[in-house]
Amino acid sequence: MMQTESLLNCDLSFVRETIEKTAVDMILARSRVRPIAIVMSGSFARREETVLVQNGSATVIGDAELYAVFKTPSDTKPFLNIAHLLAEEIQQQLATREIHCPVSFGVPSCRILRCMPPHIMGFELRTTGKVLWGDYDILALIPPFGPKDIPKWDAWRSVANRMIEQLVYADALRSEGAGGVSKLLYSCLKIQLELATMVLHFLGAYQPTYQQRAEALKQLEKHSDHREFPWLSELTTRVEACTYFKLDPNKSSPYGEIFRGACPEVDQHRIVEEECLRVMELVRSVWVWGAERLLKCKLDESVDPLNIALRLARAQDWRWRLRGWLRLGLLEAGWRNSDFWFSVARLVNYGSPRFLTYGVAATLYFNWGGWLDIRSSMPDEAAQRAMRYFPFGRMRANEVTTWLEASRAVVSGWDRFLKTSWV
């Protein structure tokens with residue numbers, strides 16, 4: 001009875017505490033080697049989680065990001081073997097209490113924390129992470145770098161990752177059912193918030209929480225020359241709306257209507273398509289502006305995104321390029337594979353596997369609107385050009401003939417080789 005009353009009264013502290021306790025109990029029960037700490041990161045740690053309460057149940061839009069920290073790299077291996085299954089078991093246990101929450105795991109060793117290079121994820125983990133169990137000083141192992149120490153490239157990478165997340169659900173607008181459409185809308189919301197992070201970081205005004213970023217963006221818009229940032233007013237308005245929904249999805253809002261299923265399916269598809277295409281145009285303007293900052297030169301917004309992305313990939317430090325190719329070789333046992341060495345010889349001068357993937361993804365993302373118009377052949381042609389730079393040898397570019405096939409290949413490669421790595 002207490003559970004139902006809590007959910008009906010939108011007592012999010014009950015939801016949060018239940019998720020935390022369930023996760024800790026099940027991690028400790030299933031771990032063959034006991035972690036030295038269990039940490040919550042991301043929105044839940046910052047108390048900025050998005051929880052939709054409806055009909056006596058709570059649905060988390062997003063996920064609960066957990067870290068099981070182990071003393072040595074060898075201690076992480078048994079947990080890595082069960083992490084995926086354990087996440088599913090935690091989700092199932094929460095569902096019995098009417099809490100529907102995806103769970104994801106990071107499994108670092110103390111050495112990983114000590115050697116963490118400056119990046120936004122590490123800064124937010126150290127400054128806003130919440131230790132749920134174990135060594136409550138564990139996050140102090142992360143070096144005390146600040147926003148000024150974080151390369152601008154890192155914020156750029158985050159926007160590129162959000163583009164790929166949208167490609168995951170890109171075909172939802174051509175499919176029946178509302179599940180994929182709501183996930184697409186959420187990824188559309190997240191890329192707008194990520195744009196705010198990039199702009200603020202590039203201009204030296206980065207903040208670690210959504211609420212702080214929305215306020216910082218408003219102040220920036222208030223005191224900036226609109227001729228220099230013609231897109232800033234729209235971005236500020238959109239980020240404010242996204243933040244409003246993210247922090248309280250149970251209040252009335254345009255986003256909330258979609259997630260609550262309050263409008264017919266055909267209207268959902270139309271509204272989400274219009275929203276995604278408008279956001280895509282905004283992303284392009286800010287993306288080109290960011291590229292200009294990184295390349296230190298003026299760019300024409302009408303230039304093929306692939307050409308801009310390849311210039312950015314070439315501008316990456318050669319040591320990061322080399323590390324990326326070496327890591328890919330280890331993951332694919334590439335040194336035994338002639339296809340891998342052919343890819344290295346052909347592509348190493350263009351960039352690292354990660355930044356080449358970002359280039360292909362950007363090309364696909366900015367041609368998404370054309371793909372939705374089934375009469376156009378341009379997206380397929382753009383996809384075929386971009387896939388010449390696709391770095392994963394087992395997914396042969398010459399076998400990809402359509403925009404959708406290319407999108408699926410990029411998502412698969414990113415998920416397999418890049419998603420859990422910083423290199």
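The values are calculated or read from the model by the stated rules, or taken from the named source; none is laboratory data. What you see is a predicted model, and the numbers here were worked out from it, not measured in a lab. Cβ: placed from backbone, ideal geometry, glycine included. Neighbour counts: every protein chain shown.
Table for the structure above
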| read-out | value |
| --- | --- |
| Test: residue in the range 63-71 that is among the hydrophobic types (A, V, I, L, M, F, W, C), assigned to a helix (DSSP H, G or I) and either outside the structural domain of TYR186 (by TED's automatic domain parsing) or crowded, with 21+ Cβ neighbours inside 10 Å (or both) | no |
| Only one of ARG174, ARG227, ARG162 that is touching a residue at least 40 places away in the same chain (Cβ under 8 Å) and of a type in the set (D, E, K, R) | ARG174 |
| Number of the exception - VAL53 against (1) at pLDDT below 95; (2) β-branched (Val, Ile, Thr); (3) assigned to a helix (DSSP H, G or I) | (3) |
| Residue identified as assigned by TED's automatic domain parsing to the domain that holds SER187 and hydroxyl-bearing (Ser, Thr, Tyr) among SER285, SER343 | SER285 |
| Residue within the range 11-19 that is modelled with pLDDT of 95 or more, in a strand (DSSP E or B) and touching a helix residue (DSSP H, G or I) at 6+ places or on another chain (Cβ under 7 Å) present | no |
| Residue match in the range 94-109 (condition: outside the structural domain of SER182 (by TED's automatic domain parsing), at pLDDT 95 or above and in contact with a Lys or Arg (Cβ under 6 Å, 6 or more places away or on another chain)) | no |
| Selected residue (only one of SER352, SER377 is under 30 Å from CYS297 (Cα atoms) and modelled with pLDDT of 85 or more) | SER352 |
| Residue in the range 284-307 that is farthest from GLU228 (Cα to Cα), counting only those that are in a loop (DSSP other than H, G, I, E, B) and in contact with a Ser or Thr (Cβ under 8 Å, 6 or more places away or on another chain) | ASP304 |
| Flag for THR363 being surrounded by 14 or more Cβ atoms within 10 Å (Cβ to Cβ), free of Cβ contacts under 8 Å to residues at least 60 places away in the same chain and in a helix (DSSP H, G or I) | yes |
| Complete set of residues in the range 305-327 that are over 24 Å from the mean Cα position of the chain (by Cα) and either under 18 Å from ALA382 (Cβ atoms) or aromatic (Phe, Trp, Tyr) (or both) | TRP318 |
| So PRO117, is it surrounded by 15 or more Cβ atoms within 10 Å (Cβ to Cβ) and closer than 19 Å to ALA140 by Cβ | no |
| Selection within the range 75-108 - more than 14 Å from SER31 (Cβ to Cβ), among the polar types (S, T, N, Q) and either loosely packed, with under 15 Cβ neighbours inside 10 Å or within 24 Å of the chain's Cα centre (by Cα) (or both) | GLN91, GLN92, THR96, SER104 |
| Options CYS101, CYS110; residue that is over 23 Å from VAL51 (Cα atoms), touching a Leu at 6+ places or on another chain (Cβ under 7 Å) and touching a residue at least 60 places away in the same chain (Cβ under 8 Å) | CYS110 |
| Residue in the range 16-46 that is farthest from the chain's Cα centre (by Cα), counting only those that are over 21 Å from THR209 (Cβ atoms) and β-branched (Val, Ile, Thr) | VAL33 |
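Per-residue answers, yes or no, for (1) under 22 Å from LEU312 (Cβ atoms); (2) under 23 Å from the mean Cα position of the chain (by Cα); (3) without any contact (Cβ under 8 Å) to a residue 24 or more places away in the chain:
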{"site": "VAL344", "(1), (2), (3)": "yes, no, yes"}
{"site": "ASN349", "(1), (2), (3)": "yes, no, no"}
{"site": "PHE355", "(1), (2), (3)": "yes, yes, no"}
{"site": "SER377", "(1), (2), (3)": "no, no, yes"}
{"site": "ARG385", "(1), (2), (3)": "yes, no, no"}
{"site": "GLU399", "(1), (2), (3)": "no, no, yes"}
{"site": "THR402", "(1), (2), (3)": "no, no, yes"}
{"site": "VAL410", "(1), (2), (3)": "yes, yes, no"}
